[in-house]
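Undergrad: The following block contains the structure, expressed as structure tokens.
The values are calculated or read from the model by the stated rules, or taken from the named source; none is laboratory data. Small disclaimer: the values here were computed from a predicted structure and weren't measured. Note that each Cβ is placed from the backbone with ideal geometry, even for glycine, and that neighbours are counted across all protein chains shown. All accessible areas refer to the heavy atoms of the entire protein, side chains included, with ligands and DNA or RNA removed. Shrake-Rupley method; radii C 1.70, N 1.55, O 1.52, S 1.80 Å.
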Amino acid sequence: MSYTSPICTDPTELYDLLAAMAEGLLNGETDSVSATANLSALIYDLLPDLNWAGFYRVKGDLLILGPFQGKPACNRIAKGKGVCGAAWQTDRAQIVPDVHQFPGHIACDGASNSELVIPIHDPSGRFCALLDLDSPLLGRFDASDLQGLLPVIGHLEKWMEATDVHSL
Ligand code: SME
């Protein structure tokens, strides 16, 4: 799909820039709210055509809303519910070109038409959180977006290990 970021028009360069900036923002930080708040702001600011970007964290048997950019969203999501709950249940990224076709999709913002959810693992390899991106465009996300964002998730997971943070 075409990119209209004012910063960079080449998607590969844009994701390289995003990963480098994410690594820079994490460097020296030790607090998980501060770290993920800045990452959500960076992603929302840099990637075009998003209306929501943020984190949900595993707390007991629920996903709890974490730092994000966009409209207020549902606070709690059960395993298996919606796109986020499916990512948790399967421990797999979810690329949803049309959320209206996804059984059980949880509509937090009526403007959302497509969604990308990427699992995050703690230093023991357990699913501990996820990154959720929503777009008002149909088909906004494909495998190249997932590939582009995986280094950002990798930096966050390495940061957790290096700072001895075991949950977000
Ligand atoms: N649409 C998600 C819920 C979270 S919001 O998009 C921020 C879902 O179906 O799990």
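Undergrad: With the requirement that a residue be free of Cβ contacts under 8 Å to residues at least 40 places away in the same chain and either within 15 Å of GLY139 (Cβ to Cβ) or crowded, with 16+ Cβ neighbours inside 10 Å (or both), what does the stretch 107-120 give you?
TA: Taking the stretch 107-120 and keeping what is free of Cβ contacts under 8 Å to residues at least 40 places away in the same chain, we get 107, 110, 113-119.
Selection gives ASN113, SER114, GLU115, LEU116, VAL117, ILE118, PRO119.
Undergrad: Right, something else. Restrict the check to the stretch 136-143 and report whether at least one residue is assigned to a helix (DSSP H, G or I) and free of Cβ contacts under 8 Å to residues at least 40 places away in the same chain.
TA: Checked against the condition, which is being assigned to a helix (DSSP H, G or I) and free of Cβ contacts under 8 Å to residues at least 40 places away in the same chain, the stretch 136-143 yields no hits at all.
Undergrad: For the stretch 93-106, which positions are within 12 Å of the ligand (Cβ to nearest atom) and open to solvent by less than 50 Å² (accessible area, probe 1.4 Å)?
TA: Once the filter is applied, which keeps residues that are within 12 Å of the ligand (Cβ to nearest atom) and open to solvent by less than 50 Å² (accessible area, probe 1.4 Å), the stretch 93-106 yields GLN94, VAL96, VAL99, PHE102, HIS105.
Undergrad: Kindly indicate whether any position in the stretch 31-47 is of a type in the set (S, T, N, Q), away from the ligand (no atom under 13 Å from the Cβ), touching a residue at least 12 places away in the same chain (Cβ under 8 Å) and open to solvent by 40 Å² or more (accessible area, probe 1.4 Å).
TA: Within the stretch 31-47 (the criterion being of a type in the set (S, T, N, Q), away from the ligand (no atom under 13 Å from the Cβ), touching a residue at least 12 places away in the same chain (Cβ under 8 Å) and open to solvent by 40 Å² or more (accessible area, probe 1.4 Å)), the answer is yes, since at least one residue qualifies.
Undergrad: Of all the residues that make up the stretch 81-105, how many are part of a loop (DSSP other than H, G, I, E, B) and aromatic (Phe, Trp, Tyr)?
TA: 1
Undergrad: Scan the stretch 125-165 residue by residue and report those that are among the aliphatic types (A, V, I, L, M) and either open to solvent by 60 Å² or more (accessible area, probe 1.4 Å) or more than 23 Å from LEU63 (Cβ to Cβ) (or both).
TA: Once the filter is applied, which keeps residues that are among the aliphatic types (A, V, I, L, M) and either open to solvent by 60 Å² or more (accessible area, probe 1.4 Å) or more than 23 Å from LEU63 (Cβ to Cβ) (or both), the stretch 125-165 yields LEU137, LEU138, ALA143, LEU150, ALA162.
Undergrad: Give the residues of the stretch 88-133 that are of a type in the set (Gly, Ala, Ser) and touching a strand residue (DSSP E or B) at 6+ places or on another chain (Cβ under 7 Å), sorted by residue number.
TA: ALA93, SER112, SER114, ALA129
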